[in-house]
Amino acid sequence: MDNHTPFSMKTWVMVRHAKSSWELNLPDRDRPLVNRGIKDAILVGQELNRHNLHIDQVFSSPAKRAFDTALLMVSELGLSTQNIQIEDDLYDFVGEQALSFVLSLPNDFHNIMTFGHNHACTHLAQSLGNYTKAKIPTATAVIFHFDVHLWSDIQQCKCTSIRPKTLR
């Protein structure tokens, strides 16, 4: 067995959806990804795959741009896209709903991945992690490693981010 003890740590990979289009006159939930967004999601997914995260469950906002980002990244991780769970609480632009959702997760999940929106992602990275930049760019993954047994006990920790701009 490796030195990683998955039962004493919770890992949350929080992803802001990739770049989407404002060109079409569509409801907010239906906005599609643009080509750069698709490429960035694939790049970040490939980089995440190198981190060997062993994701137990993936959750996505119901918005098309978030779900499509999830499909692209999860494919790069070699996970089944059929297990992505749509979660209304992740269609959140503040951060409170998304955080409440994660705090209430079953504790048999050790490593989760969520796909959501700004300003929720930036707020959570700044309040839970040590993220100091003004905002989370599109298609950016923030990885939190919480040294707790229960999701309900998560608190501030160091976070790392994977930004597409650094991979291009």
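The values are calculated or read from the model by the stated rules, or taken from the named source; none is laboratory data. Given the structure is predicted, the values throughout are model-derived calculations rather than measurements. Please note: Cβ atoms are built from the backbone with ideal geometry, for glycine as well, and neighbour counts cover all protein chains shown. Just the protein is used for accessible areas: all its heavy atoms, side chains included, with ligands, DNA and RNA removed. Shrake-Rupley method; radii C 1.70, N 1.55, O 1.52, S 1.80 Å.
Electrostatic tally near Leu105: other residues with Cβ closer than 12 Å to its Cβ, Lys and Arg +1, Asp and Glu -1, net -4. Near Leu33: Cβ cut-off under 11 Å, other residues only, Lys/Arg at +1 and Asp/Glu at -1. The net charge is +4. Each other residue within a Cβ distance under 14 Å of Ser161 adds +1 if Lys or Arg and -1 if Asp or Glu, for a net charge of +4. Helix 35-49 against the longest principal axis of the chain: what's the angle in degrees, Cα atoms only, rounded to the nearest 10? Taking the Cα atoms of the chain, the angle to 35-49 is about 20 degrees. Based on the alpha-carbon gyration tensor of region 1-109 and its eigenvalue square roots a ≥ b ≥ c, which shape applies: rounded if a/c is under 1.5, prolate if not and a/b is larger than b/c, or oblate? Judged from the Cα gyration tensor, region 1-109 comes out oblate (a/c at least 1.5, b/c at or above a/b).
Look at where the Cα atoms of region 47-100 and of region 109-126 average out, and the two centres are 9 Å apart. Taking the accessible area of region 61-168, probe 1.4 Å, and keeping the other protein chains in place, the carbon and sulfur fraction comes to 50%. Label region 23-168 by shape, choosing from rounded, prolate and oblate, from the square roots a ≥ b ≥ c of the eigenvalues of the Cα gyration tensor; if a/c is under 1.5 it is rounded, and otherwise prolate applies when a/b is larger than b/c, oblate when it is not. Rounded. Take the chain with all the other protein chains still there, run a 1.4 Å probe, and you get 51 Å² of accessible area per residue.
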